[in-house]
Amino acid sequence: MRTKLIAGNWKMNLNFIEAKELFRDVQAIENNDKAIALCVPACYLSAFSNAVDPFIFAQDVSAHVKGAYTGEVSASMLASLHIMGSLVGHSERRQYHAESASVLKEKVDRLLENNLIALYCIGETIEERNEQKHEAVIQKQIIEVLGHLTSEQMKNVIIAYEPVWAIGTGVTATTSQAQEMHAFIRNEIERSFGQTCASQIKILYGGSMNASNAKELLACPDVDGGLIGGASLKVDDFKFIYES
Ligand code: 13P
């Protein structure tokens, strides 16, 4: 039985006062059987370190262990703050920071070496979907970045399926598109890491999840939660999604 996880990705939003207020509001959400996580900007991580309700994640992590990499934050720094883990490979990082599969693989390794969780984001563009390449794209994104891991290491990996065409656009995957892709991803995980790993791994959906579509999406058997951008910035929307 997989516990559902509702994760907010604040991206580059909120000043510190707003962030503290929203964090408090999220903490006050009455717990149900789902877990909550927030992916916060790097400069706020220490303020929320040690939190377990919600769990705190970074939005990015360095591919390097340590050293002369100005501006970067290492996985061991996150571990020293008792942060749960980090997003890896969000499509905005792939697009605006040209993050390649080999860099993302290093980032996943740095997190796992530090016993942190890699919340690995995958998703196809609209062109790739229109050309019927979405499954091949997803398969490649899984193999290139996670393919070298053992099934034991995969216990510290969460996958977020975020179709690029649904991120911040207000266009959401239909429940059948979401379920189909999540089942495809789980099947790929089974092929590479076995049935136990496939049945245990969490696969979150991201891409314009909001108060009006969350219930249906979260009811899909292979959707184990959400990675929510815009709607995570308003506590009422986020709470509604959590309670869906
Ligand atoms: P939106 O919910 O704003 O579409 O963002 C999704 C996302 O990118 C979460 O990581």
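The values are calculated or read from the model by the stated rules, or taken from the named source; none is laboratory data. Quick caveat: nothing in here was measured; it's all calculated off a predicted structure. We place every Cβ from the backbone using ideal geometry, glycine too, and count neighbours over all the protein chains shown. Please note that ligands, DNA and RNA were not included when accessible areas were found on the heavy atoms of the full protein model with its side chains. Shrake-Rupley method; radii C 1.70, N 1.55, O 1.52, S 1.80 Å.
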If unit charges are put on Cβ atoms (+1 for Lys and Arg, -1 for Asp and Glu) and the dipole of segment 17-122 is taken about its Cα centre, the option from Ile36, Leu22, Leu78 lying farthest towards the positive end turns out to be Leu78
Test item: Cα-centred dipole of the chain, Lys/Arg +1 and Asp/Glu -1 on Cβ, debye | 320 debye
Listed residues Asp25, Asp222 arranged by accessible area, highest first, probe 1.4 Å = Asp25, Asp222
Given unit charges at Cβ for Lys, Arg (+) and Asp, Glu (-), the dipole magnitude of segment 131-244 about its Cα centre in debye, nearest 20, is 140 debye
Descending accessible area (1.4 Å probe), largest on the left, turns Phe240, Phe23 into Phe240, Phe23
Highest-fluctuation residue, Ile56, Ile122, Ile29 considered, GNM on the chain with Cα pairs under 10 Å | Ile29
So how do 137-144, 67-74 stack up, highest first, on mean other-Cβ count within 10 Å?
-> 137-144, 67-74
Given charges of +1 on the Cβ of Lys and Arg and -1 on the Cβ of Asp and Glu, with all other atoms neutral, how large is the dipole of segment 22-128 about its Cα centre, in debye to the nearest 20?
-> 360 debye
To the nearest Å, what is the center-to-center distance of segment 159-221 and segment 17-43, using C-alpha atoms only?
-> 22 Å
Work through the residues other than Arg2 whose Cβ is under 9 Å from its Cβ and net out their charges, Lys, Arg +1 and Asp, Glu -1.
-> +1
Prolate/oblate/rounded label for segment 52-110 (Cα gyration tensor, a/c 1.5) | oblate
Within the accessible area of the chain, what % is carbon and sulfur when the probe is 1.4 Å and the other protein chains stay in place?
-> 51 percent
Charge-dipole axis of the chain as Lys and Arg at +1 and Asp and Glu at -1 on Cβ define it, positive-most pick from Val157, Val137, Asn210 | Val157
Of all DSSP beta bridges located in the chain, what percent are antiparallel, nearest 5?
-> 5 percent
Rank Val88, Thr125, Ala98 by how far each Cα sits towards the positive end of the charge dipole of segment 87-135 (+1 on Lys, Arg Cβ; -1 on Asp, Glu Cβ) and give me just the farthest.
-> Val88
Which shape class, rounded, prolate or oblate, goes with the chain when its Cα gyration tensor gives a ≥ b ≥ c as root eigenvalues, a/c under 1.5 marks rounded, and past that a/b bigger than b/c marks prolate?
-> rounded
Mean-position separation - Cα centroids, segment 107-157 and segment 65-106, in angstrom = 14 Å
Under 27 Å from Lys202, Cα to Cα: lysines that are on another chain or at least 8 residues apart = Lys4, Lys11, Lys34, Lys105, Lys107, Lys133, Lys140, Lys155, Lys215, Lys234, Lys239
